[in-house]
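Student: The following block contains the structure, expressed as structure tokens.
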Amino acid sequence: MLPKGYRALMDDHDPSPGTVAFTGARLVTLAAGDREPRRGSRLSELSVIDRGWILVRDGIIADLGEGDAPPLPESVEIVHAEGRVVMPALVDCHTHACFAGDRSDEFEARLAGADYLEILAAGGGIMSTVRSIREAPEELLVDSLLGRLERMARLGSGTVEVKSGYGLDPGSELKMLRAITTAAERTPQIVVPTFLGAHALDADAPDPALAVERIIDEALPEAASSFPGIACDAYCEEGAWTLADCRRLFERAAELGCPIRVHTDQFNSLGMTRLAVEMGARSVDHLEASTPEDLRAVAASATIAVLLPVSGFTLDDRYADGRELVDLGAAVALASNFNPGSAPSPSVPFAIALACRKCGLRPAEAITAATWNAACVLGLQDEIGSLEVGKRADLILLDTGDERDLGLEVAGPGPDRVMIAGRWCPGGSRA
């Protein structure tokens, strides 16, 4: 059975999207003529056309401009924006949206005073989901992920990165990656898989040290062979993967042609951030416990800092210092971190609102972080992340004429309308 709401999304996933024109729009294009992540003061550059139009044909942005639209055939669907914002769809560059099971008991335990690492040490947290993943049929993982992707689409996410990491053994990790790529074939969203075999230590393994070796020597090569160019991620933390083991994993990933990403400094600064920068990591994610030296190292590098404020909201009210990163000249991205335990939210707009309140970002900076820079994290800036002729027509129409409302509003209903690859998604007040 398909998850509730999923069939509605698929009904619009036809091979020939129509031609649509938005008129009278405030176009937040984020087009700046280069392909690099924005850093420092450039994070505020939204390249706004105060009153303009945009034409979508066959799922691609065919044309756009300032002022009134040129004469259009009667067959074109006209969306009168009436001064409201049209901008690129959001890019959620860090999620764990493929999962099974339920962690409501863990939520109750946190409310009673247990912290995240205590729950993890007691065999809960990630391990609870690991056991559910190992038991779940692959098609169930596909269907449940598609249901979550549909919810994320309603909230404006046109592209979603999805990690493995709840398998922790070669067979289960590959099962997750197959489920993610199958889901990607069944939705108009771009879905990017990431290998996260190094998510936690396998508490159920007879020999945890051997389990680490199997991830490095078996699971990673299999993932790289089955999904060429897939990024390799790890969770470096006390009670999880050590700095030394992460180094070995990433050295092997580099040999296999896999870009490197890493969860680092969520609770403790163990030296992973500076090591990741030295190894040319594409991103360092979390950074709540980063030292001033860590932040300076990131800012001086090509590595993108990915802020995940929903985790701080859920766990311990600790947040990465986004303001310091921007002021140091770092490239900063922003994501939901959607997962069943530490960030149970599919909403990038909520992450934007938190980033403005808790990480020190200005609304324009947070918008860039959740669109253009997030696309750069995934290496997709030539396809998405800005409104430019020839790019995918992944657009959202906000119910406001001021894009700063994305940072101001908390827990709103999402965009007024969402278009992914030229197709309308269900939901929204006028869809």
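Read-outs: derived from the displayed coordinates by stated rules, not from any lab. Given the structure is predicted, the values throughout are model-derived calculations rather than measurements. Every residue, glycine as well, gets a Cβ built from its backbone with ideal geometry; the counts of neighbours run over all protein chains shown.
Student: Picking from PRO73, LEU295, THR159, whose Cα lies most toward the positive end of the charge dipole for the chain (charges on Cβ: Lys, Arg +1; Asp, Glu -1)?
Tutor: Looking along the dipole axis, the top candidate is PRO73.
Student: For region 87-135, run through the GluC sites (Glu not before Pro) and keep only the ones in DSSP coil with at most 16 other Cβ atoms within 10 Å of their Cβ. Please report the intermediate quantities before stating the final value.
Tutor: Numbers: sites: GLU106, GLU108, GLU118, GLU135; in loops: none.
Passing sites in region 87-135 do not exist.
Student: In terms of Cα to Cα distance under 12 Å, which aspartates and glutamates are near enough to LYS175, apart from those fewer than 8 places away along the same chain?
Tutor: GLU135, GLU138, GLU139, GLU222
Student: Do you know the relative contact order of region 91-377, to the nearest whole percent, from alpha carbon pairs under 8 angstrom that are 6+ apart?
Tutor: 17 percent
Student: For region 313-431, treating each Cα as an identical point scatterer without solvent, what Debye log10 I(q)/I(0) comes out at q = 0.09, 0.16, 0.18, 0.20 1/Å?
Tutor: Per q value, in the given order, log10 I(q)/I(0) is -0.26, -0.84, -1.06, -1.27.
Student: Could I ask something else about it? Each residue of region 216-225 in turn: what ³J(HN,Hα) in whole Hz from Karplus with 6.51, -1.76, 1.60 and θ = phi - 60°, glycine and Pro shown as x?
Tutor: Couplings: 6, 8, 10, 5, 4, x, 5, 5, 5, 6 Hz.
Student: Could you give the dipole magnitude of region 153-258 about its Cα centre, charging the beta-carbon of Lys and Arg +1 and that of Asp and Glu -1, in debye to the nearest 20?
Tutor: 580 debye
Student: State to the nearest 20 debye the size of the charge dipole of the chain about its Cα centre, where the only charges are +1 on K and R beta carbons and -1 on D and E beta carbons.
Tutor: Values: 40 positive and 65 negative charges, 123 e Å.
Dipole magnitude for the chain comes out near 600 debye.
Student: Of the listed peptides 170-177, 349-356, what is their order by residue-averaged count of other C-beta atoms within 10 Å, with the highest listed first?
Tutor: Averaged packing, sorted descending, gives the order 349-356, 170-177.
Student: On to the next question. Name the long-range amide H neighbours of ILE260: under 5 Å, sequence gap of 5 or more, or other chain; modelled H, no Pro or chain starts.
Tutor: Here CYS232, ARG282 satisfy the definition.
Student: Given Cα pairs under 8 Å that are at least 6 residues apart, what percent is the relative contact order of region 280-431? It would help to have the intermediate numbers written out before the result.
Tutor: Values: 261 pairs, mean separation 26.3, N = 152.
Result for region 280-431 is 17 percent.
Student: Let me ask something else. Compute the distance from the alpha-carbon center of region 150-185 to that of region 22-48, in whole Å.
Tutor: Here the two parts' Cα centres lie 29 Å apart.
Student: If packing is taken as the mean number of other Cβ atoms within 10 Å per residue, what is the order of 267-280, 84-97, 299-312, 141-154, highest first?
Tutor: The most tightly packed comes first, giving 84-97, 299-312, 141-154, 267-280.
Student: I need the phi-derived Karplus couplings for region 107-115: 6.51 cos²θ - 1.76 cosθ + 1.60, θ = phi - 60°, integer Hz, Gly and Pro marked x.
Tutor: My calculation for region 107-115 gives 4, 4, 5, 5, 4, 7, x, 6, 9 Hz in order.
Student: Going through region 60-91, which GluC sites (Glu not before Pro) have at most 14 other Cβ atoms within 10 Å and a DSSP loop state?
Tutor: Hits after loop and neighbour filter: GLU74, GLU82.
Student: While we're here: Compare the Cα positions of ALA114, THR95, SER347 along the charge dipole of the chain (+1 at Cβ of Lys, Arg; -1 at Cβ of Asp, Glu; about the Cα centre) and return the one farthest towards the positive end.
Tutor: Value computed over the given set: SER347.
Student: HN-Hα J couplings of region 23-32 from phi, Karplus 6.51/-1.76/1.60, θ = phi - 60°, integer Hz, Gly and Pro as x?
Tutor: 10, x, 9, 8, 8, 9, 8, 6, 8, 10
Student: 222 nm [θ] for the chain, helices only, -39500 (n - 2.57) per DSSP H run of 4+, per residue, to 500?
Tutor: Calculated from helices alone, the mean residue ellipticity at 222 nm is -9500 deg cm²/dmol.
Student: Among the aspartates and glutamates, which fall within straight-line cross-link reach of LYS358, defined as a Cα-Cα distance under 13 Å, with same-chain neighbours fewer than 8 residues apart omitted?
Tutor: GLU288, ASP316, ASP317, ASP321, GLU324
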